[in-house]
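Read the structure below first, then the notes.
Bear in mind that the values in this text are calculations on the coordinates, not laboratory data. Small disclaimer: the values here were computed from a predicted structure and weren't measured. Positions of Cβ are generated from backbone atoms using ideal geometry, with glycine treated the same way; all protein chains shown enter the neighbour counts.
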Amino acid sequence: MFESILSSFTLVAVSEMGDKTQLLAFSLATRFKQPWPIMAGIFVATILNHALASAMGTWISVHVPATTLAYILGATFIAFGIWTLKPDTLDEEGKSHRLGPFVTTTILFFLAEMGDKTQLATVALGARYQSAVAVTFGTTLGMMVTDGLAVFLGEKIAQKVQMKAIRWAAASLFFIFGGISLWSAWAR
């Protein structure tokens with residue numbers, strides 16, 4: 001169980017750096033200037049989104065043969081690695097948010113995570129580790145740490161960290177997970 005939590009945390013924390021939801025966290029923090037309601041909204045949205053994703057992955061792991069699943073997961077993780085190398089942008093609409101920081105963050109984060117690489121990676125991690133609870137815990141913790149950095153320290157970090165290096169580190173993790181999965185499928 002510890003391995004699934006640690007792997008889920010690491011993969012999501014690193015891949016979330018520079019992701020559109022981290023940019024969204026930074027944007028909401030600068031707009032509302034209320035970090036705690038924003039963090040609570042991120043937490044609720046992530047728990048809901050990633051619980052669904054990891055449960056789906058766990059379900060898939062029961063219904064798809066192990067070797068086939070290992071090949072699919074390997075290819076998926078490698079595809080996520082390639083996707084990670086493409087910088088995200090945040091398409092902001094100039095709307096005012098009358099719902100307040102918590103509700104606005106919860107809604108925007110939940111929607112922004114739909115189909116995002118971290119959500120799809122959570123599906124894959126759920127399938128790999130067959131533990132929706134451990135994977136959801138790890139991925140949520142990873143999101144909270146990285147998005148918390150954006151909310152509390154965003155402007156200071158943006159001046160000092162090269163996003164290209166972070167993207168390459170995240171892509172490398174995806175490539176490693178993909179390689180391990182492909183190797184395990186081939187070795188069966």
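Quick one: if you stick a label point 7 Å off each Cα along the C-beta vector at W36 and M114, how many nm between them?
3.1 nm
Can you tell me how much longer the chain between H63 and A187 gets when fully stretched, taken as 0.36 nm per residue apart minus their C-alpha distance, in nm with one decimal?
42.5 nm
For the chain, modelled as a GNM with alpha-carbon contacts under 10 angstrom, which of A150, A79, A55 fluctuates the most?
With Cα springs under 10 Å in the chain, the top fluctuation among A150, A79, A55 is at A79.
Within 12 Å, Cβ to Cβ, of I42, how many net charges do the neighbouring residues add up to if Lys/Arg are +1 and Asp/Glu are -1?
Neighbourhood net charge equals -3.
For M17, M143, what's the fewest-to-most ordering of other Cβ within 10 Å of each Cβ?
Least to most surrounded, the residues fall as M17, M143.
Within the chain, what is the number of lysine pairs with alpha carbons under 16 Å apart, leaving out pairs fewer than eight places apart on the same chain?
6
Hey, if you drop one equal point scatterer on each alpha-carbon of region 1-85 and run the Debye formula without solvent, what base-10 log of I(q)/I(0) do you get at q = 0.10, 0.11, 0.14 Å⁻¹?
Here log10 of I(q) over I(0) equals -0.35, -0.42, -0.66.
Counting every Cα pair in the chain, what percent are over 32 Å apart?
14 percent
What nm value, rounded to one decimal, do you get for the distance between K160 and L48 when each label is placed 7 Å out toward the C-beta?
Spacing of the two 7 Å Cα→Cβ label points: 3.5 nm.
Using only DSSP helix segments of four residues or longer, with each worth -39500 (n - 2.57), what per-residue ellipticity at 222 nm results for the chain after dividing by its residue count and rounding to 500?
Value at 222 nm, helices only, nearest 500: -28500 deg cm²/dmol.
Highest mean first, how do 180-188, 107-115 rank when packing is the count of other Cβ atoms within 10 Å averaged over residues?
107-115, 180-188
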